[in-house]
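Just so it is clear, none of the values below were taken in a lab; they were calculated from the coordinates. The model shown is predicted, which means the values in this text are computed figures rather than measured ones. Every residue, glycine among them, receives a Cβ derived from its backbone with ideal geometry; neighbour counts consider all protein chains shown.
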Amino acid sequence: MIRSAMALALAAMALAPASVAAQKAEEVEVEQVKDRKSVTLDPGKAYLMIEAPGMMISSWISMPSAAQRADWQAQRSEELAEAIVDYPKDLARYERRHASWSKEEVGREPERPVEPTEESFPWPDLESRRVFSVGPQNRFASEKDYSLWLMAVPEGEYLFYGFGNQTFSDCACMGSLAFEVKTGKITALRISNAWLDGAGQRIDGFPKGMNSLDVQTRFGMVVEPPSDFSLDPRLPREMITVPEFRLVERLPNWFGGTVNRVLPFPGLFTYDGTKMVDLRAAE
Amino acid sequence: MKFFLVAAGMACMAAPAFAQEAGEPQTDIEWLAWVPDPVSIERPDLAFVEDEEALDNYEKYYYFHRDETDFETALADLRECDAHSRGLFRGNFTPDPTAAMTQYGPLAGAAGGLIVGLMADAIFGPAELRRKRRINMRRCMFYNGYARFGLAKDVWESFNFEEGSREVSEADRQRMLAQQALVASGPRPQAQELGL
């Protein structure tokens, strides 16, 4: 299964230029709540609050609705239909170029176009177009020990994608968490990085005696319930809620960054190798 | 611009350095699914003198090993980590991963995202590609339960490849991954484990 998926994705890379331009994904509307003395929240909106130990850039996926998925699929079908119509012309053009190239065999051999079919036509994941980053600016609150970002977002499921933005990303591709953000609630969680030793165990403080690549490799991601720092007095306490998490074992490394994973959390989940084990099910 | 960046990426998959053997795969897609008989794979010679330079470079030049692991499993694990490094791994981020595979068509792309990655790589060059691959292989194989051992650079280069600076065809990539799998599933090394 993995092998065939990789093969197909490689083929998608090869085919990418044909269809990338046409896709239109609805942007995720994220409205930052500014750091003011008095804050009024709209009970008709859903809020996401991220707590971190300092200025960090985190990335999140707003999972698409059924309607958005249907629209994405409809766009693909439309583009595929056009590509099928164009294919005989593309093939004829290739045959002319190849015949010309064959006489001298100078330069790169023209590549035969792949016949567009339901199976072969490339189309990116809609989720890859629904990644947004939070921070490091626009903090709702900041002190020496913590930063808070508060934003109104569309109600629905969200997924921690990792740290950094789309150009420099450390993706939680080998283990992440998803959760619901509901209208009328401030769904709060805390994120951070934690240093690891050579055995992969969490350590306090900056690791000593490591070279630069060890330092860049040996840390994990933390996603956990928020601390008391999230109980900002400007926010109605009853609106703040801690989400139930869904375990997400694998994510595509869409932006070609480094891959990482969220560290185990007691009572919630652990890992058996690369498999996430839900500890709630055992209770 | 995007087209040229993708084309440049694909151009890195050209001209194999190994001679083509009879019965070997003909296309990149076939190479990705290739499962050779381990007897047909040349086992790398891991002998080297452990001098100061070699020790300093263990962070970059290494091989993996896991006990009680057969060749095919090791090859699948190395390919999974290679796919993570290249952005080819599809993931299972929806509740029903089968639906994720079919929803956008099986060829749904890593393509869009990878263009962004390639743009970053175009700016920061092969050093960034090398750095990312080293980190990704170390993390991914560690989480798959493999121990890591150091190698001298020239020994490492005989059955490994870097991203970015050297052209490596899909055929060469898969041949070297098969050699790495042979080592990973072979006799347990006597050297000291390096950890994550």
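So what's the net charge close to A:Y158: Lys and Arg +1, Asp and Glu -1, counting the other residues with Cβ under 13 Å from its Cβ?
With Lys, Arg at +1 and Asp, Glu at -1, the net is -1.
Per 10 Å bin, what percent of the C-alpha pairs of chain A does each bin hold, from zero upward?
Pairs per bin, as whole percents: 6, 23, 28, 21, 13, 7, 3, 0.
In whole Hz, what ³J(HN,Hα) sequence does the range A:252-264 give by Karplus (6.51, -1.76, 1.60; θ = phi - 60°), x for Gly and Pro?
Running phi through 6.51 cos²θ - 1.76 cosθ + 1.60 with θ = phi - 60° gives x, 8, 4, 9, x, x, 7, 10, 8, 8, 6, 6, x Hz.
So which trypsin sites (Lys or Arg not before Pro) in the range A:95-156 end up in coil per DSSP with only 12 or fewer other C-beta atoms within 10 Å?
The qualifying sites are A:R108, A:K144.
For chain A, what relative contact order do you get, as a whole percent, if you take Cα pairs closer than 8 Å and at least 6 residues apart?
25 percent
Could you run the Karplus curve 6.51 cos²θ - 1.76 cosθ + 1.60 with θ = phi - 60° over the range B:65-80 and give me ³J(HN,Hα) per residue in whole Hz, x for Gly and Pro?
Values, residue by residue: 8, 9, 5, 6, 10, 8, 4, 5, 5, 4, 5, 4, 5, 5, 5, 4 Hz.
How big is Rg to Rh over the range A:63-139, alpha-carbon atoms, Rh as the Kirkwood inverse-mean-distance radius?
1.23
Return the loop-located GluC sites (Glu not before Pro) in the range A:101-130 (DSSP other than H, G, I, E, B) with at most 10 other Cβ atoms within 10 Å of their own Cβ; answer none if there are none.
Those satisfying the criteria are A:E105.
Going by average Cβ density within 10 Å per residue, which order do the peptides A:79-89, A:211-221 take, highest to lowest?
A:211-221, A:79-89
Skipping prolines and chain starts, which residues have an amide H placed within reach, meaning under 5 Å, of the one on A:V277, given they are 5 or more residues away or on another chain?
Amide H to amide H, under 5 Å and 5 or more residues apart or across chains, A:V277 pairs with A:T270, A:Y271, A:D272.
Gaussian network model of chain A, Cα springs within a sub-10 Å range: biggest mean-square fluctuation belongs to which of A:T187, A:T241, A:T167?
Ranking A:T187, A:T241, A:T167 by mean-square fluctuation puts A:T167 first.
Which trypsin sites (Lys or Arg not before Pro) in the range A:162-212 pass both tests, a DSSP loop state and at most 12 other beta-carbon atoms within 10 Å?
In loop regions of the range A:162-212 (DSSP not H, G, I, E or B), the sparsely surrounded trypsin sites (Lys or Arg not before Pro) are A:K208.
Rounded to whole Å and ordered largest first, report the semi-axes of the equivalent ellipsoid of the range A:140-283 derived from its Cα gyration tensor (root of 5λ).
That gives 26, 19, 16 Å for the three semi-axes.
Provide a whole-number value for the mean count of partner chain Cβ atoms within 10 Å of the Cβ atoms in peptide B:126-136.
Taking all residues of B:126-136 together, the mean is 4.
Over the range A:172-283, what is the relative contact order in whole percent, taking alpha-carbon pairs under 8 Å and six or more residues apart?
This gives 39 percent for the range A:172-283.
Is there a simple number for the mean count of other chain Cβ atoms within 10 Å of the Cβ of residues in A:123-133, and what is it?
Other-chain Cβ atoms within 10 Å of each residue's Cβ, averaged: 5.
What is the set of long-range amide H partners of A:A141 at a cut-off below 5 Å, with H atoms built 1.01 Å from backbone N?
Result for A:A141 returns A:L148.
Could you work out the mean count of beta carbons from other protein chains within 10 Å of each residue's beta carbon in B:59-69?
For this peptide, the per-residue mean of nearby foreign Cβ atoms is 1.
Using only C-alpha positions, report the orientation-averaged shadow area of the convex hull of the range A:143-192, nm², one decimal.
So the Cα hull casts an average projection of 4.6 nm².
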